[in-house]
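Engineer: Sharing a structure below in structure tokens format, with a few things to ask.
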């Protein structure tokens, strides 16, 4: 495969991932605005107590860990998957 073809495909993939992430964040923001308009301030606060950790975990899982493990030359072992000291 030619270098130019690889470059073009890589750029296309990066743009698709960035676009998907941006669209997902916009949809999440729009949903939060709708929920904020429908709930009372106290109910919205309670909802955010649940939504924030969920969104945080989602962001952390999209941080590239799966891609990094998939690129490893050998299968990950317990040391690779366990907590860091």
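Engineer: Which of (1) more than 11 Å from the chain's Cα centre (by Cα); (2) assigned by TED's automatic domain parsing to the domain that holds residue 81; (3) not in a helix (DSSP H, G or I) does residue 53 not meet, given it meets every other one?
Structural biologist: (3) is the only condition that residue 53 fails.
Engineer: Restricting to the stretch 23-42, count the residues that are part of a helix (DSSP H, G or I) and over 14 Å from the mean Cα position of the chain (by Cα).
Structural biologist: The total comes to 12.
Engineer: From 20, 9, which residue is outside the structural domain of residue 81 (by TED's automatic domain parsing), surrounded by 10 or more Cβ atoms within 10 Å (Cβ to Cβ), within 30 Å of residue 81 (Cβ to Cβ) and under 23 Å from the mean Cα position of the chain (by Cα)?
Structural biologist: On the way: 9 fails: within 30 Å of residue 81 (Cβ to Cβ).
Matching residue, one of 20, 9: 20.
Engineer: Cβ-Cβ below 9 Å, separation at least six or inter-chain, first residue in the stretch 24-35 and without any contact (Cβ under 8 Å) to a residue 40 or more places away in the chain and at positive phi, second surrounded by 12 or more Cβ atoms within 10 Å (Cβ to Cβ) and not in a helix (DSSP H, G or I): which pairs?
Structural biologist: none
The values are calculated or read from the model by the stated rules, or taken from the named source; none is laboratory data. The shown structure was predicted, so the numbers you read here are calculated from the model rather than taken from an experiment. Quick reminder, even Gly has a Cβ in these numbers, built from the backbone with ideal geometry, and neighbours come from all protein chains shown.
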